[in-house]
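*Asks:* The structure follows.
The values are calculated or read from the model by the stated rules, or taken from the named source; none is laboratory data. Note that this is a predicted model, so its numbers are computed, not measured. Reconstructed Cβ throughout: ideal geometry from the backbone, glycine too, with neighbour counts over all protein chains shown.
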Amino acid sequence: MSDQELEYARLLKRRHLISSGFEWGCRIATFSALLFLGILLLGVVWQAWGWLDTQYLTSFDSRRPKAAGLLAGLWGTFWLILFTAIFTVPIGVGAAIYLEEYARDSWFTRVIKVNLANLAGVPSIVYGMLGVTAFVRMFGWFSAVDDLRIETYLGFGTLAIPLPLGRCLLAGSCTLSLLILPIVIIASQEALRAVPPSIRHASYALGATKWQTIRHQVLPAATPGISTGIILSLSRAMGETAPLIMIGALTYLAFAPGNLNTPMDGIRDPQLILDAPFDMFTSIPIQIFNWVGQPKSEFQHVAAAGSLVLLVLLVLFNATAIVIRNRAQKRITW
Amino acid sequence: MNTTLNDPMDELAPTTSSEPATEKTERFVKPVAPVEIPETASLSVDAATKVCTRNLDFYYGNNQVLFDVSLDIPEKSVTALIGPSGCGKSTFLRTLNRMNDIIEGTRHTGEVLLEGTDIYASEIDVVLLRKRVGMVFQKSTPFPKSIFENIAYGPKVAGLRNKARLAEIVEASLKRAALWDEVKDRLQDSAMALSGGQQQRLCIARTLATNPDVILMDEPASALDPASTARVEDLIFELRKNYTIVIVTHNMQQAARVSQQTAFFFQGILVETGVTKELFTNPVEKQTEDYITGRFG
C-alpha cells in the first residue's frame, strides 16, 4: 500500500466515527424533546387525577376548589372558535385565491405577500391591542351616543349588536381571526400553488372559465391542504390567552355566554343563541391562567384538569386535520 | 404572479436553459435513417383553409420567439409542426387557441384567422374559442375525477345538464377515441388509474366531447411507449376525417405517418411548408434537408 492509501485507511476510521457521532447527536435531540413532552403530560395527568370528572365539566367556577368547574370556559372556547372559523375561512381562503389565481405580479401584490409572512410572526399581544382599538372601542366612533345598538328581529329572536362591540365574545373572535388570518392565507396559498398548472391549462383548453376552473379543479385539489391549515390555525387560536385578556375576557365567570348552559337551552329559547356572541366570556386557557394564580394549592389540581381538557381538545382537532388530509390524498394523486 | 424559479407558468414558457445540451445530444444520438413516406402523406389540392396566420410575430416580454409566420392550415387534415427544441413550434401552436394569454407579458402582432375571423379580435370570447379549438397536451392531464366526469367536463362547464345527453356524449367521444371498449365497464373509476396511453386517449376523448372544429396536439405521444404511441397515431389518423388537426412533434417518422402537411420551424422562423410527402422527399431549403436527414436537430 502506498502512503496515500495508508493515510486514507486512517482517515476512514475517523470518518465513520464522525458519521455515527452525528447520528447519536440527532437521536439525543429527538429523545430529549420527547422526554420533556412526556414529563409535561405525566405531570398534568398526575395532578389532574381525581379532579377531572363530570362535576368538573358541568359546573361553573367557584371559590371552593372542589366545586370549581370548566363549563364557562368550555362554552366560551366553543363560541370563540365557532365565530373565529366563520370569519376566518371565507376571508382567508378568498384572499389566498385572489393572491394566487387572480392578482397579477406587481409591486403591490409582492408587498402584500412579503408582509403576510411578517404578520404571521407578530406577537399575539399586539393583536390584542389592535382588537381593543378596532373592535372593543371601535376607534371611539360611537362614544358620543350612549348604549347604541342595532336591533333586527329575525323571526325567532332579536339580534342586538352593540356599538362599539365592547368586551364581548364577538370582539374576541374578531381579534383571534385577525391573529390567524395570515397563517390561514399562507397555508391556503401553498395548497393552491401545489395544484399542478397543467390541470388549470387542461380545464381552460376545454372551454372552462376561470371561476369554473377554480371551482371544479383547483379548489377540490387544494381542499386537503387548505383545511389542514385552517384546523391547525384554529387550534392555535384555541390556546391563545393574552389577546383575550387584553380584550377584557373575564377570568372569573359563573355563567356561559348568553346563559346558554346546555344545548337544550338554545332549543328552548333561541333568543339565547342570538345573545351569546355579545355577552361577556371566558375561555379554557383563561380559566387555567386564573386558577394557577390562586393562593389555595388545590387550585393547581383544578388548573391541571383544565390543561388536560385543552390538550385532549387540541389532539382531537389535529387528529381531524390528519384524517381529512389522508382521506383526500387517497383520492388525489398526481 | 410570483417571479420565483418554479413559476407555475414555466411549463408553457419556451425552454431556454437546457436547450443547447439536448440539441447536442440529439445530434449525436439520432440515427440517420431515411424517413419512410406513406402514400397518405399528401393533400388533396381542393382542401379549404381552416386556420391561417398572417405575419405573426410573438414575444415573451422583450424576447421575440416567432418571426413573421404566415401559415395556412387546411381543414380535415393533419398539419405537423416540426423543428428543433425551442424553435417556436409549441408557441405557435398555442397562439391558435390563445393559450399563451395565460402567461403574463406575452404579446403578438399579425393575425390568426379561424375561418377568416381574427381570433385575437376584441369581440372574440376566448372561452368559446377554446371550445372550438381544443388542445391535447404533451403530458396527459386527467382530472382527479372519474372517467365519466373527465369526458363530461367540457359539455358540463358549457352548461349542459341533461344526464342522458351527457351519457351519449361520453359514449360517443370514448368510441371516437377508441377507448370505449377498454373503459365502458368502469366509467365511474378514477381516470388516474388508467395507463399512460389510455390517459392520453382519454384526454383526446375529453377534447372531442366539446365538439371542436380544430384540435391542437402538443407532442401528444412523446411520453408514451411505442405500443401506446402507435394507438395514438392511429387515432390521429382516423380523426383527420372529421377534424382539422395541428400536431407538434419531435419525431419525424411520426410526422410522416400521420400528417398531410408539414411545416418546419427553425429559430422562430417558418422555414418551409409543404405537402408532407414533398417536404420529406424533396425539401427546397437546405436547413429543412439538414434537419430531416438528421444532420442537426
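*Asks:* So in region B:277-291, with the set limited to residues that are crowded, with 16+ Cβ neighbours inside 10 Å and in contact with a strand residue (DSSP E or B) (Cβ under 8 Å, 6 or more places away or on another chain), which one is farthest from residue B:259 (Cα to Cα)?
*Replies:* B:287
*Asks:* Could you look through region B:129-164, keep only residues that are assigned to a helix (DSSP H, G or I), among the small types (Gly, Ala, Ser) and at the interface with chain A (Cβ under 9 Å from one of its Cβ atoms), and pick out the one that is farthest from residue A:204 (Cα to Cα)?
*Replies:* For region B:129-164, the residue satisfying everything is B:158.
*Asks:* Suppose the filter is of a type in the set (A, V, I, L, M) and closer than 28 Å to residue A:243 by Cβ; does residue A:45 pass it?
*Replies:* Here the answer is no, as residue A:45 does not meet what is asked.
*Asks:* Residue by residue through region B:116-128, note down the ones that are facing chain A (nearest Cβ under 9 Å), over 15 Å from residue A:201 (Cβ atoms) and surrounded by 14 or more Cβ atoms within 10 Å (Cβ to Cβ).
*Replies:* Once the filter is applied, which keeps residues that are facing chain A (nearest Cβ under 9 Å), over 15 Å from residue A:201 (Cβ atoms) and surrounded by 14 or more Cβ atoms within 10 Å (Cβ to Cβ), region B:116-128 yields nothing.
*Asks:* Keeping to region B:200-237, report how many residues are over 13 Å from the mean Cα position of the chain (by Cα), away from chain A (no Cβ under 14 Å) and of a type in the set (A, V, I, L, M, F, W, C).
*Replies:* So the count comes out to 5.
*Asks:* Would you check which residues across region B:200-222 are in a helix (DSSP H, G or I) and surrounded by fewer than 22 Cβ atoms within 10 Å (Cβ to Cβ) and list them?
*Replies:* none
*Asks:* Let me ask something else. If we keep just the residues of region B:74-112 that are in contact (Cβ under 8 Å) with a residue 60 or more places away in the chain and acidic (Asp, Glu), which is farthest from residue B:136 (Cα to Cα)?
*Replies:* B:104
*Asks:* Let me ask something else. Which of the residues spanning region B:189-199 are more than 11 Å from chain A (Cβ to nearest Cβ) and outside any helix (DSSP H, G or I)?
*Replies:* Residues satisfying the conditions are B:189, B:194, B:195.
*Asks:* Scanning for something at pLDDT below 90 and among the aliphatic types (A, V, I, L, M), does region B:133-155 turn up at least one residue?
*Replies:* Checked region B:133-155: no residue is at pLDDT below 90 and among the aliphatic types (A, V, I, L, M).
*Asks:* Moving on to the next point. Does region B:255-269 include one or more residues that are crowded, with 20+ Cβ neighbours inside 10 Å and free of Cβ contacts under 8 Å to residues at least 60 places away in the same chain?
*Replies:* Scanning region B:255-269, I find no residue that is crowded, with 20+ Cβ neighbours inside 10 Å and free of Cβ contacts under 8 Å to residues at least 60 places away in the same chain, so the answer is no.
*Asks:* From the set of residues in region A:177-193 that are facing chain B (nearest Cβ under 10 Å) and not basic (Lys, Arg), which is nearest to the chain's Cα centre (by Cα)?
*Replies:* Out of the qualifying residues, it is A:189.
*Asks:* Within region A:99-124, track down each residue that is touching a helix residue (DSSP H, G or I) at 6+ places or on another chain (Cβ under 9 Å) and either among the hydroxyl-bearing types (Ser, Thr, Tyr) or loosely packed, with under 14 Cβ neighbours inside 10 Å (or both).
*Replies:* Within region A:99-124, A:102, A:109, A:115, A:117, A:118, A:121, A:122, A:123, A:124 qualify.
*Asks:* If you go through region A:230-237 one residue at a time, do you hit one that is within 14 Å of chain B (Cβ to nearest Cβ), touching a helix residue (DSSP H, G or I) at 6+ places or on another chain (Cβ under 7 Å) and surrounded by 20 or more Cβ atoms within 10 Å (Cβ to Cβ)?
*Replies:* No: region A:230-237 contains no residue that is within 14 Å of chain B (Cβ to nearest Cβ), touching a helix residue (DSSP H, G or I) at 6+ places or on another chain (Cβ under 7 Å) and surrounded by 20 or more Cβ atoms within 10 Å (Cβ to Cβ).
*Asks:* I'm told residue A:198 meets every condition in (1) of a type in the set (Gly, Ala, Ser); (2) part of a helix (DSSP H, G or I); (3) within 12 Å of chain B (Cβ to nearest Cβ); (4) buried (at least 21 other Cβ atoms within 10 Å of the Cβ) except one. Can you identify the failing condition by its number?
*Replies:* (4)
*Asks:* Same structure, new question: Any idea which of (1) within 18 Å of residue B:42 (Cβ to Cβ); (2) at pLDDT below 90 is the one residue B:246 doesn't satisfy?
*Replies:* If we test residue B:246 against (1) within 18 Å of residue B:42 (Cβ to Cβ); (2) at pLDDT below 90, just (2) comes out false.
*Asks:* Among (1) of a type in the set (Lys, Arg); (2) more than 16 Å from the chain's Cα centre (by Cα); (3) under 18 Å from residue B:179 (Cα atoms), there is one condition residue B:240 misses while meeting the rest; what is its number?
*Replies:* (2)
*Asks:* Of all residues being surrounded by fewer than 19 Cβ atoms within 10 Å (Cβ to Cβ) and under 25 Å from residue A:48 (Cα atoms) in region A:251-288, which is nearest to the chain's Cα centre (by Cα)? Just the residue, please.
*Replies:* A:251
*Asks:* Mind telling me which of the residues B:288, B:293 ends up being of a type in the set (S, T, N, Q), touching a residue at least 12 places away in the same chain (Cβ under 8 Å) and closer than 24 Å to residue B:91 by Cβ?
*Replies:* Only one candidate qualifies: B:288.
*Asks:* Within region A:130-151, can you find the residues that are touching a Ser or Thr at 6+ places or on another chain (Cβ under 9 Å) and modelled with pLDDT of 85 or more?
*Replies:* Scanning region A:130-151 gives A:130, A:131, A:132, A:134, A:135, A:136, A:137, A:139.
Conditions tested, residue by residue: (1) over 14 Å from the mean Cα position of the chain (by Cα); (2) surrounded by fewer than 15 Cβ atoms within 10 Å (Cβ to Cβ); (3) part of a strand (DSSP E or B); (4) within 14 Å of chain A (Cβ to nearest Cβ).
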site: B:57; (1), (2), (3), (4): yes, no, yes, no
site: B:65; (1), (2), (3), (4): yes, no, yes, no
site: B:69; (1), (2), (3), (4): yes, no, yes, no
site: B:76; (1), (2), (3), (4): yes, no, no, no
site: B:81; (1), (2), (3), (4): no, no, yes, no
site: B:94; (1), (2), (3), (4): no, no, no, yes
site: B:104; (1), (2), (3), (4): yes, yes, no, yes
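*Asks:* Answer yes or no: is there a residue in region B:224-247 that is more than 25 Å from residue B:158 (Cα to Cα) and basic (Lys, Arg).
*Replies:* yes
*Asks:* Let me ask another. Return the only residue of A:64, A:14 being loosely packed, with under 13 Cβ neighbours inside 10 Å and in the same structural domain as residue A:279 (by TED's automatic domain parsing).
*Replies:* Residue meeting the stated conditions: A:64.
*Asks:* All but one of (1) part of a helix (DSSP H, G or I); (2) β-branched (Val, Ile, Thr); (3) touching a helix residue (DSSP H, G or I) at 6+ places or on another chain (Cβ under 7 Å) hold for residue B:229; state the number of the condition that does not hold.
*Replies:* (3)
*Asks:* Follow-up. Please enumerate the residues belonging to region A:295-328 that are polar (S, T, N, Q) and touching a residue at least 60 places away in the same chain (Cβ under 8 Å).
*Replies:* A:300, A:307, A:318, A:320
*Asks:* Go over the candidates A:57, A:52, A:42, A:37 one by one and state the one that is surrounded by 11 or more Cβ atoms within 10 Å (Cβ to Cβ) and part of a helix (DSSP H, G or I).
*Replies:* A:57
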